[in-house]
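The values are calculated or read from the model by the stated rules, or taken from the named source; none is laboratory data. The structure displayed is predicted, hence computed values, not measured ones. As a convention, Cβ positions derive from the backbone with ideal geometry for all residues, glycine included, and neighbour counts pool all protein chains shown. These accessible areas exclude ligands, DNA and RNA; they are computed on the full protein's heavy atoms, side chains included. Shrake-Rupley method; radii C 1.70, N 1.55, O 1.52, S 1.80 Å.
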Amino acid sequence: MSDERPRISPVPRHVAMIMDGNGRWAKQRGLPRLAGHRAGTENIRNIVQAAVEQEVGYLTLYAFSTENWSRPDSEVQGLLRILAEVIERETPELDRNGVQLRHLGSMEGVPQDLADAINGALDFTRHNNRLILSVAFNYGGRAEIVEAVRRIVRAGIPPDAVDEETISRHLYTADIPDPDLIIRTAGEQRLSNYLIWQAAYAEYWFTPAYWPDFDKDVFYQALLDYSRRKRKFGMTEDQVS
Ligand code: IPE
Ligand code: IPE
Ligand code: MG
């Protein structure tokens, strides 16, 4: 896996992707939507490889939102089936590449065999640390915050002891740094309930490319653009230069 492109600096430590446009990619080709989802999952390997090459430490992929249950049942069932296939097919290769899989989201409503497959893959790769690959599946940012608040209350943490760090520690992303760069494909410019707490100071990057067409070159361009931005975190130009 050698890369001839120059190393980008600074590289975002955590890149979070909203993989959008599978349906439109398929429609453009006169194919069923599920063919688009299949093509989309094929693409994951390339982007994981690109992230490893550029030494991105954390890559997070939005695979299925809590809102996606509202799609027609045939599409939901197809998506769940494709996900199960991807886990089975890709886990050994991910493990060989030193990738640790993580799940962000809830297992509520997830069929038991799929939940077992996910937990098996998490367990299989838990010793790796070259890249932390989090898959946001059955994920919703607001639901995540509600769940965190419930856990804080249940733990009996006194109100005055609750600070931003307390909330962060009770999210699915407890030990994952906030995303530095959020990339969304397919031309939409919204978060769609993705990492809404963690995204507070992220940089955003949008491309018209549909997810199955989003290749290593486009990913590289996003990282390059990120490296040229100046993040100020509320400070003045002079303070950060
Ligand atoms: C993203 O592609 C994949 C999921 C949401 C699961 P879409 O299925 O949203 O594709 P479009 O937006 O309909 O093109
Ligand atoms: C966001 O895409 C969810 C995933 C990529 C999994 P959607 O296609 O579901 O988002 P909206 O509905 O266009 O906002
Ligand atoms: Mg979409």
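Screening ALA174 against (1) within 16 Å of ligand 2 (Cβ to nearest atom); (2) open to solvent by 50 Å² or more (accessible area, probe 1.4 Å) leaves a single unmet condition, (1). The listed residues are LEU122, LEU195, and the only one of them that is within 27 Å of TYR210 (Cα to Cα) and either outside any helix (DSSP H, G or I) or out of contact with any helix residue (DSSP H, G or I) (no Cβ under 9 Å at 6 or more places or on another chain) (or both) turns out to be LEU195.
Take the conditions (1) touching a Phe, Trp or Tyr at 6+ places or on another chain (Cβ under 9 Å); (2) open to solvent by 30 Å² or more (accessible area, probe 1.4 Å); PHE64 misses just one of them, which is (2).
Contact map, segment 192-211: first residue crowded, with 16+ Cβ neighbours inside 10 Å, second residue assigned to a helix (DSSP H, G or I) and hydroxyl-bearing (Ser, Thr, Tyr), Cβ cut-off under 7 Å, separation 6 or more or different chains; pairs are GLU203/TYR226; TRP205/TYR226.
Test of understanding: among GLU75, GLU85, GLU90, GLU42, which residue is within 16 Å of ligand 3 (Cβ to nearest atom), of a type in the set (Asp, Glu), assigned to a helix (DSSP H, G or I) and over 15 Å from the mean Cα position of the chain (by Cα)? When all the criteria are applied, what remains is GLU75. Would you be able to say whether some residue in segment 105-115 is in a helix (DSSP H, G or I), modelled with pLDDT of 95 or more and of a type in the set (A, V, I, L, M, F, W, C)? Within segment 105-115, one or more residues are in a helix (DSSP H, G or I), modelled with pLDDT of 95 or more and of a type in the set (A, V, I, L, M, F, W, C).
Selection within segment 125-140: residues that are in a strand (DSSP E or B) and not β-branched (Val, Ile, Thr). The member of this set that is surrounded by the most Cβ atoms within 10 Å (Cβ to Cβ) is ALA136. Against the test of being away from ligand 2 (no atom under 15 Å from the Cβ), open to solvent by less than 30 Å² (accessible area, probe 1.4 Å) and under 23 Å from ALA136 (Cα atoms), the options HIS14, HIS37 yield a single qualifying residue, HIS14.
No other residue among ASP217, ASP163 is without any contact (Cβ under 8 Å) to a residue 12 or more places away in the chain and either closer than 28 Å to LEU79 by Cβ or buried (at least 20 other Cβ atoms within 10 Å of the Cβ) (or both) apart from ASP217.
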